[in-house]
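Asks: One structure follows; several queries about it will come next.
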Amino acid sequence: MESLHYLLMKTHAMFYRKIQAEIGKIGLTSGQPKILEFLQKYKEADQKTIASYCEIEQATVGSILLRMETAGLVVRRQKEGNRRSLYVSMTEKGEKAAQQLTGIFQSVEANAASELSENEVTALKELLTKLCDSMQTQAAEKEAGK
């Protein structure tokens, strides 16, 4: 059996290619699906929060958001009482794109998991969540120990 590292990277690469092929058909570019999915779930957030959640550098998120704003997918506004941060939310066009993304994600996931039982999919999600949580805890501990 291959190493965990190899299997995670290979699975991610194949999944990413399938998603990229589909999002291009609806006019989205790399990075935009993560942000739309986040905003669909949380409705509004500042750039720093989006970057952290999506595991994208803040500067990169800034350039992605600029393209999304130009395309009419998101708006950035200051909140009263907080002039330092811009808060991002989806426009109606962004919400429609997010709905299309949900269908794309569901289709790619169903195709990828077609050989797994429902219990296996649940177990895989639980294990990946545990792995992700462990890595986040280690990163936070390392950051705190600076």
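Asks: Hey, among the residues in the range 133-146 that are of a type in the set (D, E, K, R) and part of a helix (DSSP H, G or I), which one's most open to solvent (accessible area, probe 1.4 Å)?
Replies: Residues of the range 133-146 of a type in the set (D, E, K, R): 133, 141-143, 146.
Checking the rest, the ones that are also part of a helix (DSSP H, G or I) come to 133, 141-143.
Values: Asp133: 78, Glu141: 119, Lys142: 158, Glu143: 107 Å².
Looking at residues that are of a type in the set (D, E, K, R) and part of a helix (DSSP H, G or I), I get Lys142.
Asks: Hey, any hits in the range 10-17 for a residue that's under 19 Å from Leu101 (Cα atoms), surrounded by 16 or more Cβ atoms within 10 Å (Cβ to Cβ) and either of a type in the set (A, V, I, L, M) or touching a Gly at 6+ places or on another chain (Cβ under 9 Å) (or both)?
Replies: So far as the range 10-17 goes, no, none of its residues is under 19 Å from Leu101 (Cα atoms), surrounded by 16 or more Cβ atoms within 10 Å (Cβ to Cβ) and either of a type in the set (A, V, I, L, M) or touching a Gly at 6+ places or on another chain (Cβ under 9 Å) (or both).
Asks: Here is a follow-up. Could you run through the range 57-81 and say how many residues are in contact with a helix residue (DSSP H, G or I) (Cβ under 7 Å, 6 or more places away or on another chain) and more than 20 Å from Ile26 (Cβ to Cβ)?
Replies: Here the count works out to 5.
Asks: Kindly check whether there is at least one residue in the range 104-114 that is without any contact (Cβ under 8 Å) to a residue 60 or more places away in the chain, of a type outside the set (D, E, K, R), under 26 Å from Leu8 (Cα atoms) and open to solvent by 80 Å² or more (accessible area, probe 1.4 Å).
Replies: yes
Asks: Which condition breaks for Leu39 when tested against (1) farther than 27 Å from Glu143 by Cα; (2) open to solvent by less than 50 Å² (accessible area, probe 1.4 Å); (3) at pLDDT 95 or above?
Replies: Evaluating Leu39 over (1) farther than 27 Å from Glu143 by Cα; (2) open to solvent by less than 50 Å² (accessible area, probe 1.4 Å); (3) at pLDDT 95 or above leaves (1) as the failure.
Asks: If you don't mind, another one. Being under 22 Å from Gly27 (Cβ atoms), modelled with pLDDT of 95 or more and either in a helix (DSSP H, G or I) or open to solvent by 90 Å² or more (accessible area, probe 1.4 Å) (or both) is true for just one of Lys130, Lys96. Which residue is that?
Replies: Being under 22 Å from Gly27 (Cβ atoms), modelled with pLDDT of 95 or more and either in a helix (DSSP H, G or I) or open to solvent by 90 Å² or more (accessible area, probe 1.4 Å) (or both) holds for just one of Lys130, Lys96, which is Lys96.
Asks: Here is a further query. Collect the residues in the range 19-51 that are in contact (Cβ under 8 Å) with a residue 24 or more places away in the chain, among the β-branched types (Val, Ile, Thr) and either out of contact with any helix residue (DSSP H, G or I) (no Cβ under 7 Å at 6 or more places or on another chain) or outside any helix (DSSP H, G or I) (or both), keeping them in residue-number order.
Replies: Ile26, Thr29
Asks: Which condition from (1) in a loop (DSSP other than H, G, I, E, B); (2) open to solvent by less than 60 Å² (accessible area, probe 1.4 Å); (3) modelled with pLDDT under 95 is the one that Met1 breaks?
Replies: (2)
Asks: Among the residues of the range 53-70, what is the count of those that are open to solvent by less than 50 Å² (accessible area, probe 1.4 Å) and within 13 Å of the chain's Cα centre (by Cα)?
Replies: Residues meeting the conditions: 4.
Asks: Only residues that are under 24 Å from Pro33 (Cβ atoms), open to solvent by less than 90 Å² (accessible area, probe 1.4 Å) and either touching a residue at least 60 places away in the same chain (Cβ under 8 Å) or not basic (Lys, Arg) (or both): list them for the range 71-93, please. So that I can check it myself, show each step before the final result.
Replies: Residues of the range 71-93 under 24 Å from Pro33 (Cβ atoms): 71-77, 85-93.
Subsequent filtering for residues that are open to solvent by less than 90 Å² (accessible area, probe 1.4 Å) retains 71-76, 85-91.
Residues satisfying the conditions are Ala71, Gly72, Leu73, Val74, Val75, Ser85, Leu86, Tyr87, Val88, Ser89, Met90, Thr91.
The values are calculated or read from the model by the stated rules, or taken from the named source; none is laboratory data. None of the values given here were measured: they were computed from a predicted structure. Don't worry about glycine lacking a Cβ; one is built from the backbone with ideal geometry, like all the others, and counts go over all protein chains shown. Each accessible area value is taken on the protein alone, full model and side chains, heavy atoms only, with ligands, DNA and RNA left out. Shrake-Rupley method; radii C 1.70, N 1.55, O 1.52, S 1.80 Å.
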